[in-house]
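Take a look at the structure set out below.
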Amino acid sequence: MLKNRIIPCLDVKNGRVVKGINFVELKDAGDPVEQAKIYSDGGADEICFLDITASNENRETIIDIVRKTAKECFVPLTVGGGVRTIQNITDLLLAGADKVSINTAAVKDVSFVKEASKKFGSQCIVVAIDAKKISDNKWEVFTHGGRNKTGIDAVEFAKQVETNGAGEILLTSMDRDGTKSGYDVELLKVITDKTNIPVIASGGVGTLDHFYDGIVKGGASAVLAASIFHYGEYKIKEAKEYLNSKNVSVRL
Amino acid sequence: MNVTIVDYQSGNISSVINSFKEVAKGKVNIEVTSDIKKIKSSDKIVLPGQGSFKSCVDSLNKINGLKDTLNKFAITDKKPLLGICVGLQMFADVGYEEAETKGLGWISGKVSKINNQSGKFKLPHIGWNEIEIQKESKIFKDIKNKSHMYFVHSYEFIPNDKSVISATTDYSSKIVCSVERDNLFGTQFHPEKSDKVGLKIIDNFIKL
């Protein structure tokens with residue numbers, strides 16, 4: 001049986017992890033490579049890097065991090081943030097990323113998703129959708145970390161990226177991100193019902209129940225979280241054991 | 001010993017290279033090339049493959065003499081070859097992804113889309129799934145039954161001769177996820193992304 005995945009996400013800015021882990025065994029709390037290795041040894045099903053560096057000049061920095069991580073971690077590695085061109089994708093994949101996540105560039109022109117999945121295969125193209133609730137059962141796509149409105153309906157957009165060859169959707173609720181109040185389960189449910197590709201839930205995890213809700217109530221294939229793991233509140237193993245005790249199948 | 005990872009522009013092979021180098025630790029030479037001469041002189045071959053069946057077959061055919069070299073290596077000379085993902089799928093006679101495409105025809109059978117039971121099963125089949133070992137396989141030495149492996153695919157290999165199947169995985173139906181016939185080995189899952197247990201499979205192949 002296919003297992004539900006738990007994916008820790010590391011936000012990287014100028015080559016350093018923002019909101020670093022407080023684990024005692026860490027030599028350098030800001031080193032993304034070392035943190036990724038800890039997660040992978042701890043049972044992470046995948047590792048996700050989100051490059052939040054504002055400028056374009058620093059692409060080489062994230063590529064270098066990916067290159068080093070890929071030599072140490074033998075679980076899938078997804079990298080997102082600032083992926084705008086086919087060349088950006090090529091560079092990340094050559095460095096050792098297994099999947100790239102596309103956000104703004106997909107919203108600007110959905111045919112970029114088509115072009116990318118045709119060139120590299122759907123298996124490595126993740127589309128990251130940042131959605132905000134605007135009324136009952138209506139969510140809008142936002143870009144630039146939730147700053148820019150697009151007027152695009154999130155459900156329609158999700159269907160569109162699937163048609164254009166995305167292999168997965170990474171769905172973040174902008175309302176919940178950073179709040180620790182749980183995933184937007186309604187949003188997850190409607191998107192997982194309306195699409196036939198795996199959806200990764202993101203934004204809002206504060207307790208282990210939230211993982212359960214994302215998977216069981218929201219229908220997510222994978223659950224992503226950042227701070228709950230970074231601050232050492234829970235280890236990945238604890239999250240998995242909790243889910244297992246509630247009959248959610250995970251890789252133990 | 002020389003193990004060659006065939007680089008035929010079949011998509012992203014960085015992870016395959018990294019994992020083999022990690023396991024080989026400098027004791028075994030890992031070559032990454034599309035050079036026919038080097039492939040001919042190697043002891044073992046790894047045939048990776050990402051993207052569609054058609055795009056992989058097309059890329060393979062684009063390199064002059066590669067198909068014949070692989071045929072001779074695997075079928076005539078019977079030297080060890082490991083196909084990964086679409087690399088395994090290409091062992092078949094025919095694949096139906098994008099368009100009907102002729103495979104290498106090493107293990108008779110076809111590659112068709114996984115039956116998603118009208119949307120009940122999401123495709124691609126992405127993530128960790130348990131393998132059920134069906135027969136003893138040299139690359140499964142010290143691998144426990146029901147070990148988790150990492151999968152990413154929407155198509156499955158259906159061999160005519162079921163005795164080649166060394167493991168299956170449960171997704172919509174019992175999907176063939178590993179085959180072995182004499183010197184030919186193939187995995188639908190990605191040992192290079194399957195953590196320690198995956199590296200063990202790579203180690204088993206290198207040590208054959």
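Here are a few things to note about the model shown:
- Checking each residue of region B:30-43 against the condition of being part of a helix (DSSP H, G or I), open to solvent by less than 50 Å² (accessible area, probe 1.4 Å) and of a type in the set (G, A, S) gives no match.
- Region B:175-208 - residue that is within 12 Å of B:V23 (Cβ to Cβ) and not hydrophobic (A, V, I, L, M, F, W, C) and, of those, farthest from the other protein chains (Cβ to nearest Cβ): B:K207
- Within region A:65-87, being over 16 Å from A:V127 (Cβ atoms) and buried (at least 21 other Cβ atoms within 10 Å of the Cβ) holds for A:I65, A:V66, A:T69, A:A70, A:C73, A:F74, A:V75, A:P76, A:L77.
- The set of residues in region B:7-43 that are without any contact (Cβ under 8 Å) to a residue 24 or more places away in the chain and within 14 Å of chain A (Cβ to nearest Cβ) comprises B:S14, B:I17, B:K21, B:K25, B:G26.
- Qualifying residue in region A:163-173 (condition: among the charged types (D, E, K, R) and open to solvent by 10 Å² or more (accessible area, probe 1.4 Å)): no
- Among the residues of region B:104-114, at least one is in contact (Cβ under 8 Å) with a residue 12 or more places away in the chain, closer than 22 Å to A:E162 by Cβ and within 14 Å of chain A (Cβ to nearest Cβ).
- The set of residues in region B:121-133 being in contact (Cβ under 8 Å) with a residue 40 or more places away in the chain, buried (at least 20 other Cβ atoms within 10 Å of the Cβ) and either among the small types (G, A, S) or more than 10 Å from chain A (Cβ to nearest Cβ) (or both) consists of B:I131 alone.
- Of all positions in region A:240-252, none carries a residue that is assigned to a loop (DSSP other than H, G, I, E, B), buried (at least 22 other Cβ atoms within 10 Å of the Cβ) and small (G, A, S).
- When B:S166, B:S172, B:S118, B:S147 are checked against the criterion of being of a type outside the set (K, R), more than 11 Å from chain A (Cβ to nearest Cβ) and either surrounded by fewer than 20 Cβ atoms within 10 Å (Cβ to Cβ) or within 27 Å of B:K44 (Cα to Cα) (or both), B:S166 stands alone in meeting it.
- Residues of region A:164-190 satisfying the condition of being of a type outside the set (S, T, Y) and in contact with a strand residue (DSSP E or B) (Cβ under 6 Å, 6 or more places away or on another chain): A:A166, A:G167, A:E168, A:I169, A:L170, A:L171, A:M174, A:D175, A:D184, A:L187, A:L188
- Evaluation of B:G49 against (1) more than 10 Å from every other protein chain (Cβ to nearest Cβ); (2) buried (at least 18 other Cβ atoms within 10 Å of the Cβ); (3) in contact with a strand residue (DSSP E or B) (Cβ under 7 Å, 6 or more places away or on another chain) (one fails), failing number: (1)
- Boolean, B:S19 is at pLDDT below 95 and either open to solvent by 10 Å² or more (accessible area, probe 1.4 Å) or within 30 Å of A:I125 (Cβ to Cβ) (or both): no
- Checked against the criterion of being away from chain A (no Cβ under 14 Å), in a helix (DSSP H, G or I) and either without any contact (Cβ under 8 Å) to a residue 40 or more places away in the chain or surrounded by 15 or more Cβ atoms within 10 Å (Cβ to Cβ) (or both), the candidates B:N71, B:N64 yield just one match: B:N71.
- Each residue in region A:43-62 was checked for being modelled with pLDDT of 95 or more and on the phi < 0 side of the Ramachandran plot, and 6 pass.
- Every residue from region A:174-190 that is buried (at least 17 other Cβ atoms within 10 Å of the Cβ) and out of contact with any Lys or Arg (no Cβ under 9 Å at 6 or more places or on another chain): A:R176, A:D177, A:V190
- Residues of region A:102-126 that are within 14 Å of another protein chain (Cβ to nearest Cβ) and open to solvent by less than 10 Å² (accessible area, probe 1.4 Å): A:A116, A:G121, A:C124, A:I125, A:V126.
- Meets criteria (farther than 27 Å from B:G51 by Cβ and more than 15 Å from the chain's Cα centre (by Cα)) for A:V161: no
- Close Cβ contacts (under 6 Å, 6 or more residues apart or on different chains) running from residues in region A:146-161 that are open to solvent by less than 60 Å² (accessible area, probe 1.4 Å) to residues that are not β-branched (V, I, T) comprise A:G146/A:D130; A:G146/A:M174; A:A154/A:A131; A:A154/A:W139; A:V155/A:K194.
- Residues of region B:86-98 classified as open to solvent by 10 Å² or more (accessible area, probe 1.4 Å) and in a loop (DSSP other than H, G, I, E, B), total: 4
The values are calculated or read from the model by the stated rules, or taken from the named source; none is laboratory data. All of these numbers come straight from a predicted model, not from anything done at the bench. Cβ: placed from backbone, ideal geometry, glycine included. Neighbour counts: every protein chain shown. The protein model used for the area step is the full one, side chains on, heavy atoms only, and it has no ligands, DNA or RNA in it. Shrake-Rupley method; radii C 1.70, N 1.55, O 1.52, S 1.80 Å.
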